[in-house]
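Trainee: Pasting a structure below so you can have a look.
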Amino acid sequence: MTTNEMEKELEFVNRRFDRDAGVFEAIYNDEEKGFTRWFNKNFRKPIYERFDIAMNTVGDARGKSIIDVGCGTGVYITNLGQKGAKSVLGVDFSEGMLRIAGERIKKLNLEKTCSLRRANFLELETPEKFDYSIAMGVFDYLPDPVTFLNKLKSVTTGKVIASFPSHSLIRGPLRKLRYILTSRGNVYYYSKADIEKLAKMVGFSHFELVPVKTGSGFVLVATP
Ligand SMILES: C[S@@+](CC[C@H](N)C(=O)[O-])C[C@H]1O[C@@H](n2cnc3c(N)ncnc32)[C@H](O)[C@@H]1O
């Protein structure tokens with residue numbers, strides 16, 4: 001894929017999440033009723049599981065600095081803020097997602113701890129490094145995962161925590177079909193070997209892959 005094609009694809013993802021911000025927010029909304037709730041509780045279990053894996057990996061967040069790349073509606077950043085993190089920066093290129101994230105921060109009075117930056121992470125300039133970097137549900141949409149993982153490594157001193165979806169016999173094709181029918185663009189899948197290869201290419205000193213048991217995929221926990 002050429003650089004131009006990759007930029008176009010990222011722009012497509014950007015617009016897609018801008019449009020779908022409300023749908024994404026509903027995934028984490030316990031007050032949601034009817035079909036949406038039924039669908040989310042049955043078909044989006046991996047989203048809840050990867051959240052638990054990330055939170056367990058961070059453990060005691062007190063005093064930690066954290067960057068959440070592709071922070072979406074801000075569920076991770078506000079949770080980490082409530083757990084006493086020193087600072088949490090959410091980065092996303094979707095304005096719609098960031099608007100909801102901003103409202104969540106305000107509602108929970110976390111303005112001192114949680115901040116937001118609208119940017120394509122690949123172009124983000126940040127002189128600071130973070131104890132943890134998180135990228136959940138983001139590699140699904142990346143045409144160039146190596147550059148992205150390299151950049152995550154470069155801003156992290158402690159651990160990089162990132163999820164990768166894997167092929168599955170039923171969910172994978174269904175998701176791909178749903179994306180085609182609703183013009184949601186490409187989705188990328190990774191085998192365990194693909195993720196291991198990526199982590200080695202990026203040169204982490206240590207890494208492990210935590211399986212997402214309710215779906216198919218892994219959370220990479222890597223030390224730079
Ligand atoms: C599926 S959502 C996941 C949101 C959140 N991490 C969660 O799990 O609740 C993926 C998010 O990544 C963002 N994203 C994808 N590629 C990005 C990039 N290159 N730079 C910044 N944000 C990106 C999208 O805009 C979207 O909000």
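Trainee: Beyond 29 Å, what share of the Cα-Cα pairs of the chain remains, rounded to the nearest whole percent?
Mentor: 21
Trainee: Follow-up. List every DSSP H helix in the chain whose Cα atoms extend 24 Å or more along the helix's own long axis and whose mean Kyte-Doolittle hydropathy is at least -1.0.
Mentor: Helix filter hits for the chain: 3-27.
Trainee: Can I ask one more? Just to be sure I follow the definition: excluding the sites themselves, where is the longest run in the chain that has none of the GluC sites (Glu not before Pro) in a DSSP loop with at most 11 other Cβ atoms within 10 Å?
Mentor: Details: sites that count: Glu31, Glu111, Glu125, Glu128.
Between the exposed loop sites, the longest stretch runs 129-224.
Rule-based calculations on the coordinates, nothing more; no lab input. Since this is a predicted model, take the numbers as computed values, not measurements. Virtual Cβ from ideal backbone geometry, glycine too; neighbours counted across all protein chains shown.
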